[in-house]
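Report on one structure; see the data block that follows.
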Amino acid sequence: AGCETEVAEAANEEQKNDSLMRLSWALVHSRQPEDVNRGIGMLEASFGKSNSPLQTREKLYLLAVGHYRNGDYTRSRELLERCLERKPKLGRIYGL
């Protein structure tokens with residue numbers, strides 16, 4: 001609920017985007033499948049609105065985590081490969 005409150009109370013677009021990223025992170029790492037799906041949906045809806053290459057990579061990574069947690073390993077791997085194309089030395093990807 002803390003991340004959702006942050007999103008609602010964000011003073012500007014940058015704070016809102018940062019809060020949405022934290023909320024998405026929390027949702028895709030949740031043990032509840034409905035939370036994971038919600039996080040995936042939020043990330044997919046905001047994907048074209050990425051402000052920077054770093055944010056795009058972070059969204060790809062979080063989408064991959066969400067799909068992995070849902071058991072969609074093929075989609076997760078595809079997203080990780082896209083992430084690696086953008087930043088080949090992103091080490092945490094190798095942990096998935």
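The values are calculated or read from the model by the stated rules, or taken from the named source; none is laboratory data. This is a predicted model, so every value here is computed, not measured. Cβ sites come from the backbone with ideal geometry, for glycine too, and all protein chains shown count toward neighbours.
Across the stretch 7-27, not a single residue is classified as among the β-branched types (Val, Ile, Thr) and at pLDDT 95 or above. Filter the stretch 42-96 for residues that are acidic (Asp, Glu) and within 17 Å of Met21 (Cα to Cα); which is modelled with the lowest pLDDT? Step by step, filter the stretch 42-96, then rank; the result is Glu58. Kindly indicate the residue of the stretch 1-55 that is touching a helix residue (DSSP H, G or I) at 6+ places or on another chain (Cβ under 7 Å) and β-branched (Val, Ile, Thr) and also surrounded by the fewest Cβ atoms within 10 Å (Cβ to Cβ) among those meeting that condition. Among those that are touching a helix residue (DSSP H, G or I) at 6+ places or on another chain (Cβ under 7 Å) and β-branched (Val, Ile, Thr), it is Val7. For Arg77, are the conditions met, namely being surrounded by 13 or more Cβ atoms within 10 Å (Cβ to Cβ), out of contact with any Cys (no Cβ under 9 Å at 6 or more places or on another chain), basic (Lys, Arg) and touching a residue at least 24 places away in the same chain (Cβ under 8 Å)? No; evaluated as a whole, the condition is false for this residue.
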